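Chemist: Here it is, the structure in full.
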Protein chains: 2
Amino acid sequence: MTAAERRSVARRESEHPRFFNAERETMEPARREEIVLARVRHQLTYVYEHVPFYRRHYDAHGFKPQDVASLEDFTRKVPVVTKKQLVADQAEHPPFGSYLGVERSELARIQGSSGTSGRPTLYGISTDDWQRSHEVSCMALWSAGVRPDDVVQISFPFSLFLGGWGLLQACEALGACVLPVGSLVPTDQQVRFLADVGVDVLVATPSYALHLGRRAAELGVDLDGSQLGVVIVAGEPGGSVPAIRQSMSELLGGADVIDLGAGSSSELYPFYANVGCRHTDGGVHLIQDENFTEIVAKDDPNEPVAPGTSGGVVATHLWRRSQPMIRFWLGDEGVLDDAPCACGRTYPRLPKGVYGRLDDMLLIRGANVYPSAIDAVVRETPGTGPEYRIVVERRGELDELRVEVESEAPLAAEDASGLGAELGRRLKEALSVRVDVAVKEPGSFETQVFKARRVVDRRAAVGS
Amino acid sequence: MTAAERRSVARRESEHPRFFNAERETMEPARREEIVLARVRHQLTYVYEHVPFYRRHYDAHGFKPQDVASLEDFTRKVPVVTKKQLVADQAEHPPFGSYLGVERSELARIQGSSGTSGRPTLYGISTDDWQRSHEVSCMALWSAGVRPDDVVQISFPFSLFLGGWGLLQACEALGACVLPVGSLVPTDQQVRFLADVGVDVLVATPSYALHLGRRAAELGVDLDGSQLGVVIVAGEPGGSVPAIRQSMSELLGGADVIDLGAGSSSELYPFYANVGCRHTDGGVHLIQDENFTEIVAKDDPNEPVAPGTSGGVVATHLWRRSQPMIRFWLGDEGVLDDAPCACGRTYPRLPKGVYGRLDDMLLIRGANVYPSAIDAVVRETPGTGPEYRIVVERRGELDELRVEVESEAPLAAEDASGLGAELGRRLKEALSVRVDVAVKEPGSFETQVFKARRVVDRRAAVGS
């Protein structure tokens, strides 16, 4: 047995029960779907009755909780929630928005986004949600290979960012020993801790894990002879990218590299429901009976896509009461695999993690508008040219959407007007939102060839 | 009622039970001393039998646990432990020293000193000690005015430093809501949180609390109209200095300022047993049935001093199993007051907190040597001049102590040799350690008039 094998997740699994909660983790999928459906219906009723943000959102879309009788109904009928909506709601109803869902006195924690672009988004977590999250987070850590006799070095910042706190609490609940160095300890010292303290598990972003490994080599610190057996990475996509995984393992003493949190976000933490295992070789299991994850069409979050088809990630808290996310649109692209995993867990997976950011959805007068949907309508309308722009402006209290499109050939004013009217009619039908259309001469816009930037959002400039 | 009164500790006490654990906090002192004595004897037996560091230390001093039949015996007979001894022991027995006291698998947490001058000192806390510390830390927070419906903003760094972690866990155990901003959130944002999120309690160092208050004034943030009612300060002496207390209160919306941790240290955390109340007006209660604090002669930690007499602070964990501190010499100067406090707690107090650092004790071949004791012997020996130096060197494996002293008047070689022999004899008698003496001509040393620096410790230079 090599040193790396001795410290591996496989060895850990041979010496402990394989699952943290075998009943949940190996449940027959059809039975699990019944539980998910029941919880989905419970949550829809809860948020409609107790969370003003959702009541308004659902009323604006003409949706009622009782419309959902199946998981397909859930996907097809429930409007998604976006980050932009949450930010706007917190600005209107400070500090927690109108989606807190509980009394302030019930909160155990207040965390926040980094707020690099101004006011941080605040996350409020109630005491019961905080307690409940320990179970699923322990399941996730167990899948990653963490065991109660491990020393876990957490190199995430401990401040507003929620991620590290959830991990810390989960390690404590599991009975592991935590060395919470955070982000304030210099890298050279963190490297020495890995070797000298007898750290079994490192938690870091992929880029910091690589940095630690490279620095260990420069300092001549022998990680091959260390106890380090597992490297859990989160916060960036690298944990599911084969080349990055291999570099991390090589630089960090041959440790198993496990992805955590791909397809999740601070809105969904501290519930860690997305985690790899030693068999997934990158990618994550989706602990669907905690947070229910759907993959949907990239331009229509109410259109399910089949396993194997790339789409957008949408996630739902099945149990959370404080700031519950119901069909939260993450803006991440992923693909579902529901084939059995060798680990024995019956959860489906995101085998490639998440691998792209989808166009940010636009929120226009409460409705979600996808630039890709506008793109499709423009392309299908006869007489339009190759370039167009989507302009969003605020007029008074209202957001206005205008599409400026080149005609295919020079047009007389009357024909241009006719093309504009036709495109406007088609867009209204597709988006359920009124769109102004302006037809421009061919060549009015610079041609976009790579990572096209056709959305001009002028709302952000107002008041800034 | 003014806004500040509405948010005050007095108001909080009127709306909740006054004590977190009335039985412990209002116990008759004589009854409490019985408990302390029983625990002291328990701990002495425990460390002598299970903790190699203490066994060696006590054997070297000829001390046996059964020698202690009273608290006076405890003070007079048990040799103290110093920071330097702990550092040396960890260097010899990495990573936790030979005083861990528990199996590594029992640890819940590993924390450390900042390690600014090299390798950090590691603190290991077992799961049962971590759990036990919640009770006394809740008692401390309650005395400071924290209640379960409060939002507590903790502006301590969350990394190796243990202090903030203990507070965080105590707030959670109390049921308060924590906003753990740490030290990574910019000051302006921290000021806005105080006002916008509805923070009831701020925890920070005195200097950072002042900085936040000044910045609030510069930004025009109204803290008088905020919910901030209590400012808990720790980590520096300012919380018991009247002028600093007043500035903090004025700058922070008239909040009550409570000192925490004066006379404690990272070796004693996460057990928060030193805390003010709204009546102490600075200073701290000593929760003696958790950590037993003694005030002793500045130059002799085995010599008790009466309440009202300034002395050195020595503290003992009565319940901790992992890295227990038994008569730990903090190097801080304080004075004890055992008069009743208006709050009703029967614990004695350090009414001025701690207000000075005592000469660092020297550790010479396992024995504690006080520069002030050497000073006394030199002054009392006829024929010595006004200046001298204490030189500590390592020769091979051993520390050697040499006193270089001026003679009062120029001496012939034979008389100088006689003076040296006499001084050496007196020092050996006083210190129980052999001391080399070298007699120098008058005027050999620069005169020391303020904060005399007469100790030259050359051991630190070896190998660096």
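The values are calculated or read from the model by the stated rules, or taken from the named source; none is laboratory data. Predicted model, so just to flag it, every value in this text is computed and none were measured. Don't worry about glycine lacking a Cβ; one is built from the backbone with ideal geometry, like all the others, and counts go over all protein chains shown. These accessible areas exclude ligands, DNA and RNA; they are computed on the full protein's heavy atoms, side chains included. Shrake-Rupley method; radii C 1.70, N 1.55, O 1.52, S 1.80 Å.
Chemist: Send over a whole-number figure in Å² for the accessible area per residue of segment A:1-122, probe 1.4 Å.
Modeler: Spelled out: the 1.4 Å probe surface of segment A:1-122, per residue, equals 49 Å².
Chemist: B:G385's amide H: which non-local residues (gap 5+, or another chain) put their own amide H closer than 5 Å, with H modeled 1.01 Å from N in plane and none for Pro or chain starts?
Modeler: B:E406, B:S407, B:E408
Chemist: Name the residues whose placed amide hydrogens come within less than 5 Å of the amide hydrogen of B:G101, ignoring near sequence neighbours (fewer than 5 apart) on the same chain.
Modeler: Those qualifying (amide H under 5 Å, at least 5 residues apart or on another chain) are B:Q323.
Chemist: Okay, next question. How much accessible area per residue does segment A:362-462 have, in Å², with a 1.4 Å probe?
Modeler: Accessible area per residue: 56 Å².
Chemist: Something else: Rounded to the nearest 10 Å², what accessible area does B:D457 have for a 1.4 Å probe in the complete protein model?
Modeler: Accessible area of B:D457: about 50 Å².
Chemist: Could you go through segment A:402-411 in sequence order and give the Karplus-derived ³J(HN,Hα) for each residue, using 6.51 cos²θ - 1.76 cosθ + 1.60 with θ = phi - 60°, rounded to whole Hz, and x for Gly and Pro?
Modeler: Using θ = phi - 60°, the values come out as 10, 10, 9, 10, 6, 7, 5, 9, x, 10 Hz.
Chemist: I've got another one for you. List the residues of segment B:172-193 whose accessible area drops by at least 30 Å² when all protein chains are present, compared with their chain alone, using a 1.4 Å probe and counting only protein heavy atoms.
Modeler: For segment B:172-193, once contacts with the other chains are taken into account, B:E172, B:C177, B:V178, B:L179, B:P180, B:L184, B:Q189, B:F193 lose 30 Å² or more.
Chemist: Pull up the cross-link candidates among the lysines for A:K298, meaning alpha carbon to alpha carbon under 30 Å and not fewer than 8 places away within one chain.
Modeler: Hits, sequence-local ones excluded: A:K64, A:K77, A:K83, A:K84, A:K352, A:K428, A:K440, A:K451.
Chemist: Let me ask something else about it. Using R₀ = 60 Å, calculate the FRET efficiency as 1/(1 + (r/R₀)^6) where r is the Cβ-Cβ separation of B:E15 and B:S372; round to 0.05.
Modeler: The computed FRET efficiency comes out at 0.75.
Chemist: Taking chain B as the reference, fit the longest principal axis to its C-alpha atoms, fit the long axis of helix B:29-50 to the helix C-alpha atoms, and give the angle between the two in degrees, 0 to 90, nearest 10.
Modeler: Here the helix axis deviates by roughly 60 degrees.
Chemist: Quickly estimate the mean residue ellipticity at 222 nm for chain B, helices only: each DSSP H run with n ≥ 4 gives -39500 (n - 2.57), and the total goes over all residues, rounded to 500.
Modeler: -10000 deg cm²/dmol
Chemist: With a cut-off of 8 Å between alpha carbons and a minimum separation of six or more residues, what is the relative contact order of chain B in percent?
Modeler: 13 percent
Chemist: Sorted from shortest, what are the nm distances separating the label point of A:F445 from equivalent points in the other copies, each placed 7 Å from Cα along Cα to C-beta?
Modeler: Counterpart label points of A:F445 in the remaining copies fall at 8.4 nm.
Chemist: Below 11 angstrom from the Cβ of A:L219, what's the summed charge of the other residues (Lys, Arg +1; Asp, Glu -1)?
Modeler: 0
Chemist: Placing a label point 7 Å from Cα toward Cβ, how far apart in nm is B:I35 from its equivalents in the other copies, listed shortest first to one decimal?
Modeler: Those separations, rounded to one decimal, come out as 4.5 nm.
Chemist: Roughly how tilted is helix A:371-380, in degrees to the nearest 10 and between 0 and 90, from the longest Cα axis of chain A?
Modeler: For helix A:371-380, the angle is close to 40 degrees.
Chemist: Right, something else. In Å², rounded to the nearest 100, what is the total accessible surface buried by chains A and B against each other with a 1.4 Å probe?
Modeler: What A and B bury together is about 2800 Å².
Chemist: Of all accessible surface on segment A:193-238 at a 1.4 Å probe, what whole percent is carbon and sulfur?
Modeler: Reported share for carbon and sulfur atoms: 48 percent.
Chemist: Defining the label point at 7 Å along Cα→Cβ, can you sort the distances from B:E49 to the same site in each other copy, shortest first, in nm?
Modeler: In nanometres, ordered from closest: 5.9.
Chemist: Ok, one more. What ³J(HN,Hα) values, in whole Hz, does the Karplus curve 6.51 cos²θ - 1.76 cosθ + 1.60 give for segment B:303-313 when θ = phi - 60°, with x put for Gly and Pro?
Modeler: Each residue of segment B:303-313 in turn: 10, x, 10, 6, x, x, 9, 5, x, x, 8 Hz.
Chemist: Could you identify the residue of A sitting closest to the A-B rotation axis by Cβ and state that distance rounded to whole angstrom?
Modeler: A:F158, 2
Chemist: Continuing with the same structure: What is segment A:279-368 by shape, rounded, prolate or oblate, if you read a ≥ b ≥ c off the alpha carbon gyration tensor as root eigenvalues and call it rounded for a/c under 1.5, prolate for a/b larger than b/c, and oblate otherwise?
Modeler: oblate
Chemist: Need one word for segment A:48-145: rounded, prolate or oblate. Basis is the Cα gyration tensor (sqrt eigenvalues a ≥ b ≥ c); a/c below 1.5 gives rounded, then a/b vs b/c decides.
Modeler: Oblate, since a/c reaches 1.5 and b/c is not below a/b.
Chemist: Please state the relative contact order of segment B:51-142 as a whole percent: Cα pairs under 8 Å, 6+ residues apart?
Modeler: This gives 21 percent for segment B:51-142.
Chemist: Follow-up. Report the relative contact order of segment B:157-274, percent, no decimals, based on alpha-carbon pairs under 8 angstrom and at least 6 residues apart.
Modeler: RCO, segment B:157-274: 26 percent.
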